[in-house]
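Reviewing the structure listed below.
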Amino acid sequence: MDHGGEGVGRTGGGGVMLTAASAVGGAAGVEAAWTTGPDFLIPESAAYDPETNAFYVSNYDAYNPSRGEPRQSISKLAPDGTIEARDWVTGLFNPTGLAVGGGTLYAVERAAVAEIDIASARVTGRVALPGAALPNDIAMAG
């Protein structure tokens, strides 16, 4: 994961690349399926949920750091890249890595992993990460 506002999320063998449009390049045999505008606030990670057929994007937003108060969000996108809700879930502490499993979206924050119930779009809990310096990503085994 590059901390320069780019992120790659991989789930189920697929991939998502988040980058500034000016940095988009190409490779033989690889074509963009869709793009979005500059609607996100420093996107750090993306995860696809096959149960809801949606992508979730973490808005790290380093320009508006939490500093004790949760100010960031997760966005929700349709499979064609349409933004369904830019601030689908709010009240997060600079979220980075994302993972999906069992109806829950897990978002890495600065001192915890937020558990988000996908059906209700609500943070339902947090697992503290005592002593963590800069947690960034999360993975799940199936």
- request: Using θ = phi - 60° and the Karplus relation 6.51 cos²θ - 1.76 cosθ + 1.60, list the HN-Hα couplings for segment 101-113 in order, rounded to whole Hz, with x at every Gly or Pro.
  value: x, x, x, 10, 9, 9, 10, 6, 10, 5, 10, 7, 10
- prompt: Which residues does a label at ALA111 reach in segment 49-70, if reach means a backbone N under 17 Å from a point 7 Å past the Cα toward the Cβ?
  reply: 65-70
- line: Here the Cα Rg-to-2.2 N^0.38 Å ratio for segment 34-78 is 1.27
- line: Counting sequence-distant residues (5 or more places) and residues on other chains, those with an amide H built under 5 Å from that of ILE42 are ASP61
query: Hey, what do the phi angles of segment 126-141 turn into as Karplus ³J(HN,Hα) couplings, whole Hz, using 6.51/-1.76/1.60 and θ = phi - 60°, x for Gly and Pro?
result: 9, 9, 5, 10, x, x, 5, 7, 7, x, 9, 9, 8, 9, 10, 9
- request: For THR124 and ALA32, calculate 0.36 nm times their separation in residues minus their Cα-Cα distance, and state this gained length in nm to one decimal.
  value: 29.6 nm
- prompt: In sequence order, what are the phi-derived ³J(HN,Hα) couplings for segment 75-87 according to the Karplus relation 6.51 cos²θ - 1.76 cosθ + 1.60 with θ = phi - 60°, rounded to whole Hz, with x for glycine and proline?
  reply: 9, 10, 10, 6, x, 8, x, 5, 7, 7, 7, 5, 10
- request: Mind putting a number on the dipole of segment 71-118 about its Cα centre? Charges go on the C-beta only, +1 for Lys and Arg and -1 for Asp and Glu, and I need it in Debye to the nearest 20.
  value: 180 debye
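Laboratory data are not the source of any read-out in this text; all were calculated from the coordinates shown. None of these values were measured; they are calculated from a predicted model. Here the Cβ is made from the backbone with ideal geometry for all residues, glycine too, and neighbour counts use every protein chain on show.
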